[in-house]
1. Helix-only mean residue ellipticity at 222 nm, the chain, DSSP H runs n ≥ 4 weighted -39,500 (n - 2.57), per residue, nearest 500. What is it?
2. Can you tell me which of 3-10, 94-101 comes out highest on packing, and rank the rest after it, using the mean Cβ neighbours within 10 Å?
3. Could you tell me whether the stretch 36-102 comes out rounded, prolate or oblate from its Cα gyration tensor? Rule is a ≥ b ≥ c as square roots of the eigenvalues, rounded for a/c under 1.5, then prolate if a/b exceeds b/c, otherwise oblate.
4. Sort 61-73, 25-37 by packing, meaning the average of other beta carbons within 10 Å per residue, with the highest value first.
5. Relative contact order of the chain: what whole-number percent is it, with Cα pairs under 8 angstrom and at least 6 residues apart?
6. For a test of the definition: using alpha carbon positions, the gyration tensor, and the 1.5 limit on a/c, classify the chain as rounded, prolate or oblate.
Amino acid sequence: MLFRGMDVPAQRRRYAQPFPAHELVLSQLISDIDKRLGPGRSLGMLGLCHADEHHSADSGRRNLRRFKIEAVAGHTERPITHIGDTIYFGPSHASRLLQAVDIATFFLNRVRHTTETDPRARRSMAAIVGNIRSITVDEYVWTP
């Protein structure tokens with residue numbers, strides 16, 4: 001799994017007119033997935049992207065089409081060549097895979113933003129997050 005995030009309050013403090021957070025993080029995730037699927041990485045295979053429903057799904061699909069044509073400043077370093085078709089947005093309640101990602105994201109965010117005061121909770125969180133990170137390829141939260 002790849003996890004990407006952004007410190008939105010820091011982005012708003014730094015930029016007068018920032019890119020929409022979801023759009024920016026999605027574009028960086030698409031770019032990273034594409035790099036990992038490229039030649040020499042995974043036999044040059046094409047990947048499919050599935051994502052939780054979001055009000056910006058149409059712009060996400062439009063952006064992917066644009067990213068396949070050219071590199072877009074602030075979003076991708078080069079044209080996207082290893083993601084096939086489009087991004088499939090769907091309801092997480094209908095997909096166990098999306099539910100698993102939602103849960104993993106919840107725990108990674110919780111460990112990043114919450115200090116557990118109960119020793120049992122700390123141990124449980126450490127075990128859960130350790131399991132998630134054991135199958136995580138990369139985890140990054142951008143702070144502008």
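1. Rounded to the nearest 500, the figure is -16000 deg cm²/dmol.
2. Highest-to-lowest ranking by the protection proxy: 3-10, 94-101.
3. Working: a/c = 2.53, a/b = 1.37, b/c = 1.85.
The shape class here is oblate.
4. In decreasing order of mean packing, 61-73, 25-37 become 25-37, 61-73.
5. 35 percent
6. prolate
Bear in mind that the values in this text are calculations on the coordinates, not laboratory data. For clarity, every value in this text was computed on a predicted model and none was experimentally measured. Virtual Cβ from ideal backbone geometry, glycine too; neighbours counted across all protein chains shown.
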